[in-house]
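A short write-up of the structure that comes next.
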Amino acid sequence: MAESFGTDAALYDRARPPYPQALIDRVTGTDVLDVGCGTGIAARQFQTAGARVLGVEPDARMAGFARGSGVETEVATFEDWDPTGRTFDAVIAAQSWHWVDPVAGLAKVARVLRPGGRFAVFAHAFQAPPEVMEALGAAIRRVVPGSPVNPGAHTDPVETYRAGLATVAGQIRESGAFAEPEQWRFDAERTYSRDEWLDQMSTTGGLTPLPPQQRAEVLTGVGAAIDAIGGGFTVPLTTLAVTALRTAG
């Protein structure tokens, strides 16, 4: 699935929301390493804040887009990437750390992060109104019978991400290389038109692996549901983070 996100890198970059400025401001540092930088959404925000950013991205298509947007990017998985002696004030992973082996990944973060530097893993948690999610679930079941994706289930995405980041916090503690992890939360709202939501949904892991015809059928069903509630909606957008400072030694 990870390799499917680069199918339409330009769409991914356009549709995915940026990260809260308050989060960018709290992760300070002149030299920032962006793990799994994708198309460079978070990296460009850190550049705008004055940082020098190096991205590491396993998908050459995503990395190419990031380079084209002004982000220096090297193609590799983080586990296989060779830092060649380089170190950083901050290491970030925006919506990407779940693709990294936690033991090897944390060992490498500790290797490249300067003492007192901050490691930050963060992600957005949000979803469409119930009517739209139910339409998505129905479309998936109709178009892809037997799919393990169950978007119509009544789950709390904030709690799902919070639990995942709590696991990351435990792994950080177990590594012994960092101070006590902190958990941050940033709440906002985001308004989507029908087409904006369908674009965003097209970049998610449940749809990117589908053949174009099946993806189009799912989008048609969801689009009809959005039209039925007025052609758009506003949703809470929560960004959750777990961060920790690198200890000396």
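The values are calculated or read from the model by the stated rules, or taken from the named source; none is laboratory data. Worth saying up front: this structure is predicted, and the values here are computed from it rather than measured. Virtual Cβ from ideal backbone geometry, glycine too; neighbours counted across all protein chains shown. Heads up: the accessible areas ignore ligands, DNA and RNA and are worked out on the full protein's heavy atoms, side chains in. Shrake-Rupley method; radii C 1.70, N 1.55, O 1.52, S 1.80 Å.
Computed over the alpha-carbon atoms, the range 161-249 gives an Rg to Rh ratio of 1.18, Rh here being the Kirkwood radius from the mean inverse distance.
By the Cα gyration tensor, the range 62-142 has an equivalent ellipsoid whose semi-axes, rounded to whole angstrom, run 34, 16, 13 from largest to smallest.
Where the only charges are on Cβ atoms (+1 Lys, Arg; -1 Asp, Glu), what is the dipole of the range 174-227 about its Cα centre, to the nearest 20 debye?
The dipole magnitude comes to about 240 debye.
For Thr204 and Ala104, a Förster radius of 30 Å and the Cβ-Cβ distance give a FRET efficiency of 0.70, rounded to the nearest 0.05.
One chain, two ends: Glu131 and Arg185. Fully extended at 0.36 nm per residue, the span grows by 16.8 nm beyond their Cα-Cα distance.
Legend: calculated FRET efficiency, Ser69 to Val158, from the Cβ-Cβ distance at R0 = 41 Å, rounded to 0.05, equals 0.90. What accessible area per residue comes out for the range 141-232, rounded to a whole number of Å², with a 1.4 Å probe? Accessible area per residue, the range 141-232: 56 Å². Given +1 at the Cβ of Lys and Arg, -1 at the Cβ of Asp and Glu and no other charges, the dipole of the range 102-249 around its Cα centre is 760 debye to the nearest 20.
Any chance you could run the full-extension gain for Thr234 through Thr48? It's 0.36 nm times the residue separation minus the Cα-Cα distance, nm to one decimal.
Working: separation 186, 0.36 × 186 = 66.96 nm, distance 2.72 nm.
Going from the current span to full extension adds 64.2 nm.
Computed from Cα positions, the angle between helix 130-143 and the longest principal axis of the chain comes to roughly 80 degrees. Taking other residues whose beta carbon is less than 15 angstrom from the beta carbon of Glu180, and scoring Lys, Arg as +1 and Asp, Glu as -1, yields +1.
With +1 on the Cβ of every Lys and Arg and -1 on the Cβ of every Asp and Glu, and nothing else charged, how large is the dipole of the chain about its Cα centre, in debye rounded to the nearest 20? Please list the in-between numbers first.
Working: 21 positive and 29 negative charges, 68 e Å.
That gives the chain a dipole magnitude of about 320 debye.
Using the Kirkwood radius over C-alpha pairs as Rh, can you work out the diffusion coefficient of the chain via Stokes-Einstein at 4 °C, viscosity 1.567 mPa s, in µm² per second?
Working: Rh = 18.9 Å.
Rounded to a whole number, D works out at 69 µm²/s.
Approximating the spin labels as points 7 Å out from Cα along Cα→Cβ, the Arg142-to-Ala248 distance works out to 6.4 nm.
Please find the FRET efficiency linking Ala10 to Gln214, where r is the Cβ-Cβ separation and R0 is fixed at 30 Å, and quote it to the nearest 0.05. Display every interim value, and only then the final one.
Details: r = 21 Å, r/R0 = 0.71.
Working from the Cβ atoms, E equals 0.90.
What net charge is computed for the residues neighbouring Gly55, neighbours being all others with C-beta under 12 Å from the C-beta of Gly55, Lys and Arg scored +1, Asp and Glu -1? Spell out each step's value before the answer.
Details: positive: Arg44, Arg52, Arg67; negative: Asp34, Glu57, Asp59, Glu72, Glu74.
Neighbourhood net charge equals -2.
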